[in-house]
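Working notes for the structure below.
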Amino acid sequence: MLYAIVIGIITATVAPLLHRTMGRFVVIPMALLPLLLFIYFCTFMPEVVGGHAVTQQHVWVPEVGINLQFRLDGLSLIFALLITFFGTLVMYYASGYLDGDPLLGNFYLYLTLFMTAMLGLVMSDNIFSLFIFWELTSISSYLLIGYKQAEKDSRVSAWQALLVTGLGGLALLGGLILLSISAGSYTFSGLLTQRADVLQHAFYVPAVVLTLIGCFTKSAQFPFHFWLPNAMAAPTPVSAYLHSVTMVKAGIYLIARLSPVLAGPDIWHYTLMTVGGITATLGAVLALQHTDLKAILAYTTISALGLMVTMIGIGTDPAMKAMLVFMTAHALYKGTLFLVTGCIDHCTGTRELSKLYRLGSHMKYSGLAASLAALSMAGVIPFIGFIGKELLYEASLSSYVLLAVTMLSGITFVAVAIVFGYRVFWRKGEDKTQLQHHAGFPLYFPPLVLAIGGLALGLLVHLVPTPLLQQGMRAILANPNAELKLSLWHGFTPVLGLSVLTLLLGYAVYKSLTVLHYRASTLKPLYRYGPNTLYHMMFEGFLHHAKAFILWLQDGYLRNYVMYIMFFFCGLLYFILWRDTPGIDFTNRIYQLHEIRLYELVVFFLVIAALIFLLGTRSRLTSIVVMGLVGYSAALFYILFGAPDVAATQLLIETLTVVIFVLLLHKLPAFTYLSHQFQKYKFIAISALFGILMTYVMLLVQQQAMSTSELKEYFGKTSYLEAHGRNIVNVILVDFRGLDTLGEITVLAVAALGIFSLLRLNPERGGKQ
Amino acid sequence: METLLPLMVGTLFAVGLYFILHRHLFKVILGLILFSLATNLFLFVVGGITRGSSAIISEEKSTATEPYADPVPQALLLTAVVIGFGIQSFAIVLIRRVYQTFKSNNLDELRKENEAQ
Amino acid sequence: MKTIILVTAIRYLTPLFLVFSIYILFRGHNHPGGGFIGGLIGSIAFVFHVLAYGSARTVNSYFQLTVYHQDRQQNNSPTQYMWDMVSANTWNRLKNRTPDWRFHIFRVRPAYLMAAGLFLATTSGVTGLLRGKPFMTGWWMEVKIPFIGSLGTPTLFDAGVYMLVMGMVLKLVFTMSKE
Amino acid sequence: MSSDLLLLLPLLIPLYGALVCLMFWQQEQWQAVMVGLAQIAWMTTIVFLMQRVMAEEVLVTQIGNWPAPFGITLVADIFGALMLLAAAVIGIAVYLFSLQGLDVTRRRFGYYPLLLLLQMGVSGVCLTGDLFNLFVWFEVLLICCFALLSLGGTKGQLEGTLKYVTINFLASGFLLAGVGVMYSLYGALNLAELALMVRQPEHPNLPLLSMASVFFLVGFGIKSAIFPLFFWLPASYHSPPVAISALIAGLVTKVGIYTLIRLFTLIFISDLGFMLPLLAILSGFTMLIGVIGAAAQTDFKKILSFHIISQIGYMLMGLAIYTPLAIAGSVFFIVHNILVKTNLFLISGVVAQRYRTFSLKKLGGVYLHQPVLALLFLLSALSLAGTPPLSGFWGKLMLAKAGLEAGAYTLVGVSLCVSLITLFSMTKIWNEVFWKPKPGNHIPDKDLAPVSLLRLRQLHLPVILLLVVILFIGVYARPLVQLSVRAANGLLHIEKYTETVLSNKTLK
């Protein structure tokens, strides 16, 4: 299974190259890949149907619990088969849809990557490797949605999809980590065995919330649903793929996968049912208000996803059964309808409902496909959609609210199905829309296959889907004995009555669509409070405030920066000193004052006086001289306290500094007075605070200092005997700690280099010497 | 003197910082130099000051005899002084170039290319 | 500043300072002094020279060597030729104005001084590595030299420091005074 | 090779390389050749060093053969060697980029020696086992940064350098004062010796340790640009040419964080009860403010500059959580970030070579013109944003996991939000620079800077090189994760470190 992923990624990477060399025939390898994978996965069928999960383990980064652990059970296999099967068709379809596009190679790159990521996602047993593929789908869908990068709409939608699913992804990451901590395991199978621990752990609620946020964003559940309709900006094959079996179904998959672990507490069930119910209703209501074919489909997808989430929320055997069958049915018909819509769009140049009439006369096969799919969507016998719908009703019979929600969605589906299956293609009486060109084989063949698939699965429901779906159901319920029996005909049950009622009501809604669309425009102001607007408001607001904030913080005034730093330093140090309250013994200090010699006192006052003078003077030359004076005084102190080397160095360096100043004096800014007015006191205050603090620290450290250090003794002992020098300071500099000196002379060399280039490399003078 | 020196160094720190906070280029560089001087003296004061006896082994002895000043802070200080000199001279030249380029001695006028915008 | 006395004093003081600085350099191991101080003193000598005379003159007098040379004539013996060369480059310098004398200027750039200093300092440490010991392991000559004391790789290191400091200050001052 | 030599070569190779450059001051071409050789040699030594360190955990040499707490110790452990390895990789990349991406005048005025000496400084910081020596190497690093930032002397550079110099000057002051305080209180400078001292509960000066640590926290905090101390970074990093800012942006702040991690695991451990929450708060704000700043920018390089701050927050986060996994996460993150950040800067440079601007408003359409570059950028940007399975993800995952295990929920929450905004601003660049059609009011196509195909390819070379490394540590993350975990163990269990350093007390 790892090889499937690796081959997928490799094929994806070479796609642009293949496109360059093979031109439009790039489709052959690209479509062949999913086909081969489909066949490959088919070979697992007997084993999986027999109730054995196929597992594979590859070590990746065990230190953080991420290994490539694959596990192909019923649920995974259903998804894998759907993904590869649809993948083949979509790849082929895209070659017709994007014929002649110079970026076709990139398109295949993204699409193949996307498909591979989806495959990896559904096969992963390791929760983190699932997450990795999860994020990969986000990224590759971003690139796909933004494929028409020249259009602003496309870029914005792609970005929105990425950010929303990215938000979810991060929440999911948090949730998964919490789960792994609470269970002490990194795999779904491990989570399942540790289920009791997970349920009791304090992390249960946050983990559930975070994980569900992740799934909801991905599966376009309320209130994160808004990105999905906007993602229509993608080329239609992508939309078809995204809406039918991939991306949005990833969330459903994960919820289903986690359901056996996390289900039980009320929060799980009620959250899912509430969110799913709202989403289903919302999707249904919104779908009826739109006239863009793709938008209609997008909102029905949202509604369908809502239904699936609701079903998982109910969590009973029939509900799971309903979810699985409905999901399969939905994948088939939704894929078909999207592909057909793409074909219409491609051939007529519009997707606007009011401009499309009697297309069937030009596009027979597409029309046929659409009608078949619509029948499945409406839930007409003998399509698989019928079985799905029956099961949905059966599962939601327990509660009136749920039943109402399901009915509402069902009615909408019927109305939409009529629009697609009849209104656009076959309805008589209007002028038919003119085509710009005829649909090529790649454009109508794939939807036809899918549509027929929907019919075939319905007719052969005993043969193929039942055993597989049964395994899927067992995986979701974690119950190896759960039975799933599907049949086309249940006999005359209340559910059948509901089905018929749905069809009738659906037809009625279809009839009143014109009115609904007319009314819809009055609802426009309401959208201002919708999540989409909210997203944009947050987006803009965030940008605006971020800008204002940063401008305020990073305001370009050096002194403010210095002040923040000093505040931080002083604040922290004052706090620590206040907390630890190390005392200073002042009596001893006062006693020590006797030892002061007069000349020391003179120098001390000289420095203080010089500093005060420096504060007031307005002459450059004077301040340089006074500064030199302070430096020389420091040198004097060094001499007085036994540091002749330092003193000499200080003297010489002070001299040199003065010389440098003098050399550059006439180039330095004149000393015009720049007052700070009100800020002055602030500066004085912080400077004083800082000065006092440093004084305190010095006094404190002086008091606490070690009387003698190991180093001093060692150097005193060995300086002459082993290092052949009597001047210990010098010996330290050149021998004991010679490396410091090496670094230090490097600093000097670099300083000279820097100064040289600073003065000589001068753009105003053309940068010449 | 052990008590007075910290006072002096503290004042030096305060004055240095006050100058650095100034918006006049020249004062900023003065501030930097004073600050560096203050840091050096801090190191010196903190390292323990011993009056008179420098860390040199006298001719007739082969090891140093107490009392002698701790040579380690002195060595560190010497290194620091020289490094400080390198950086100071770079800073002085930089200020000169800034002044030459911007034709202004006011730091506030330099922020035409605001960094956050 | 450029009073005649000062200028003249500087002219004679500079070499004196240089000698003194070298003395300080070597003395440093046993008495206050050493590479830094020596280097700074030595460079300050030149700094004052630059202040008094300008950097061009300083470079002329101390940092470049003009070597005159001439193609060997047929009738000259090798000894004669050598003699001519030596005389032309020493006491007869100023007479070499005839066109058959060519000259070549060797200039000691401060940057080279810096590089050489850094090289010397580092390489004195590397000797330790070459002997299979850690970097900067000292190696001392047995004999003691009067005034200087014992010689060893740390002394070389100090000499490197001396050269670097001098080169650095000179580079600074030359660059700035040309502004 | 003996460990004496192996530990010295990372210092000596750049130094001798720089010396040769000084000798060939006029011949820029020769300098280029020499620097190339030096880079390769440096890289090779560091690989050898890494190998040895992996086998022996800690390598030690005593400078001057003076025994341990007295002489200066050079010591390499896995953390330090990893830092050097990353630095060597970007060294090569930046060098390759500078061959075509930097103007000749700057190369002629000392770019190459400065580059090498900067690397020498990094080696020193990562290898030294002595507190004051650490300060010295930081100064080497710093003065090289000063010189490089101002190299060329354009207006923006001068202004940026002025702020950089002033603030970092203060930082050096704090550090020096801190070293003084430490020596005075404990009478030692050797890190291992200090580490043992602060672990003696009866030491009289132990209560003052947290006061001393403030000096280092602020000093290295400034150098690594953490929250209230980062202002110099956005002010200066965007102004110099890419070949310079890529190097500095990639390395210098991370070296600061490296030191913080080193010191706060080795020495300043007595007051962790107060320091860790403080660090957590700082790291949270660092992340947030950095990323907010990045989101607000509309300039390629400025976005990247602000992101440095944000990512420093992540690295600090590991330290603040202080579990083995968290610190391993930090280590991984540092290595990853050095590579990725440099690469992104280089890419901005490649874009600017052709379009002569960094402004997002003026750029556009690179996706169609240079699809390879677009791909390179996308992978690097996603790596920075921590998209799996690229390199940034592993660091993020380790940190998040460690944080949740340790109960730092808010911090992890903040870090995840920041990760989203990172994704936002990276895709913003992608949207604006690569996808968006080129705005019409800017230079028309034919007026683009004439960049020959060969030159463009040469500019791509370092980017591809770095990306290969990034992809490698992303997809095949295990070795680096293992190394990070080992490095973290070495940091938290210092016995091996101190034993090896202090084993040769009786050397002479």
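So the values come out like this:
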| item | result |
| --- | --- |
| Residue that is surrounded by the fewest Cβ atoms within 10 Å (Cβ to Cβ) [pool: residues in the stretch D:360-374 that are of a type in the set (A, V, I, L, M) and over 17 Å from D:SER425 (Cα atoms)] | D:VAL372 |
| Answer residue from the stretch C:150-179, given it is in contact with a strand residue (DSSP E or B) (Cβ under 8 Å, 6 or more places away or on another chain) and within 7 Å of chain A (Cβ to nearest Cβ) and is farthest from A:ILE732 (Cα to Cα) among those | C:SER150 |
| Residue count for the stretch B:65-80, restricted to those that are of a type outside the set (Ser, Thr, Tyr) and either surrounded by fewer than 24 Cβ atoms within 10 Å (Cβ to Cβ) or more than 7 Å from every other protein chain (Cβ to nearest Cβ) (or both) | 2 |
| Within the stretch A:190-228, considering residues that are within 20 Å of A:VAL156 (Cα to Cα) and either in a helix (DSSP H, G or I) or among the basic types (Lys, Arg) (or both), the one farthest from the chain's Cα centre (by Cα) | A:LEU228 |
| Count of the stretch D:137-170 residues which are more than 25 Å from A:GLY738 (Cβ to Cβ) and more than 8 Å from chain A (Cβ to nearest Cβ) | 13 |
| Test for D:THR128: is it within 9 Å of chain A (Cβ to nearest Cβ), surrounded by fewer than 24 Cβ atoms within 10 Å (Cβ to Cβ) and touching a helix residue (DSSP H, G or I) at 6+ places or on another chain (Cβ under 7 Å) | no |
| Given (1) more than 10 Å from chain B (Cβ to nearest Cβ); (2) out of contact with any Ser or Thr (no Cβ under 9 Å at 6 or more places or on another chain); (3) at negative phi, number of the condition A:THR581 does not satisfy | (3) |
| Listing of helices (runs of 4 or more DSSP H) fully contained in the stretch C:1-113 that carry 2 or more residues being surrounded by fewer than 18 Cβ atoms within 10 Å (Cβ to Cβ) and within 14 Å of chain A (Cβ to nearest Cβ) | C:4-27 |
| Residue in the stretch D:105-115 that is in a helix (DSSP H, G or I), surrounded by fewer than 24 Cβ atoms within 10 Å (Cβ to Cβ) and in contact with an Asp or Glu (Cβ under 8 Å, 6 or more places away or on another chain) present | yes |
| Tabulated pairs, the stretch A:624-647, first in contact (Cβ under 8 Å) with a residue 40 or more places away in the chain, second of a type in the set (Ser, Thr, Tyr) and not in a helix (DSSP H, G or I), C-beta under 7 angstrom, 6+ apart or interchain | A:ALA643/B:SER54 |
| Within the stretch A:520-592, helices (runs of 4 or more DSSP H) holding 1 or more residues that are among the basic types (Lys, Arg), modelled with pLDDT under 80 and surrounded by fewer than 18 Cβ atoms within 10 Å (Cβ to Cβ) | A:586-592 |
| Unmet requirement for D:LEU379, which otherwise passes all of (1) modelled with pLDDT of 90 or more; (2) crowded, with 24+ Cβ neighbours inside 10 Å | (2) |
| So A:SER185, is it polar (S, T, N, Q), surrounded by fewer than 22 Cβ atoms within 10 Å (Cβ to Cβ) and closer than 16 Å to D:LEU397 by Cα | yes |
| Options B:LEU5, B:LEU25, B:LEU41, B:LEU21; residue that is at pLDDT 90 or above and either more than 7 Å from chain A (Cβ to nearest Cβ) or in contact with a helix residue (DSSP H, G or I) (Cβ under 9 Å, 6 or more places away or on another chain) (or both) | B:LEU41 |
| Residue check, C:LEU118 more than 10 Å from chain D (Cβ to nearest Cβ), within 29 Å of B:PHE90 (Cα to Cα), modelled with pLDDT of 85 or more and assigned to a helix (DSSP H, G or I) | no |
| Failed criterion for D:SER239 (all others in (1) facing chain A (nearest Cβ under 10 Å); (2) outside any helix (DSSP H, G or I); (3) hydroxyl-bearing (Ser, Thr, Tyr) hold) | (1) |
| Number of the exception - A:LEU496 against (1) part of a helix (DSSP H, G or I); (2) hydrophobic (A, V, I, L, M, F, W, C); (3) within 14 Å of chain B (Cβ to nearest Cβ) | (3) |
| Options B:GLU60, B:GLU113, B:GLU109; residue that is more than 7 Å from every other protein chain (Cβ to nearest Cβ), surrounded by fewer than 24 Cβ atoms within 10 Å (Cβ to Cβ), farther than 30 Å from D:ILE72 by Cβ and at pLDDT below 75 | B:GLU109 |
| The stretch A:98-115 residues that are at positive phi and touching a residue at least 24 places away in the same chain (Cβ under 8 Å), paired with ones that are among the basic types (Lys, Arg) and crowded, with 24+ Cβ neighbours inside 10 Å (beta carbon under 8 Å, 6 or more apart) | none |
| Set D:VAL60, D:VAL89: member being away from chain C (no Cβ under 14 Å) and of a type in the set (Val, Ile, Thr) | D:VAL89 |
| Tally of residues being facing chain A (nearest Cβ under 9 Å) and touching a residue at least 24 places away in the same chain (Cβ under 8 Å) across the stretch D:191-206 | 1 |
| Index of the failed condition, A:LEU488 passing every other in (1) in contact with a Leu (Cβ under 9 Å, 6 or more places away or on another chain); (2) at pLDDT 85 or above | (2) |
| Complete set of residues in the stretch A:46-67 that are in a helix (DSSP H, G or I), within 26 Å of A:ARG474 (Cα to Cα) and either at pLDDT below 85 or aliphatic (A, V, I, L, M) (or both) | A:VAL48, A:VAL49 |
| Count of residues meeting criterion [surrounded by fewer than 18 Cβ atoms within 10 Å (Cβ to Cβ) and in contact with a Phe, Trp or Tyr (Cβ under 7 Å, 6 or more places away or on another chain)] in the stretch A:428-461 | 3 |
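The values are calculated or read from the model by the stated rules, or taken from the named source; none is laboratory data. All values reported here derive from a predicted model rather than from experimental measurement. So basically every Cβ, Gly included, is an ideal-geometry build from the backbone, and we count neighbours across all protein chains shown.
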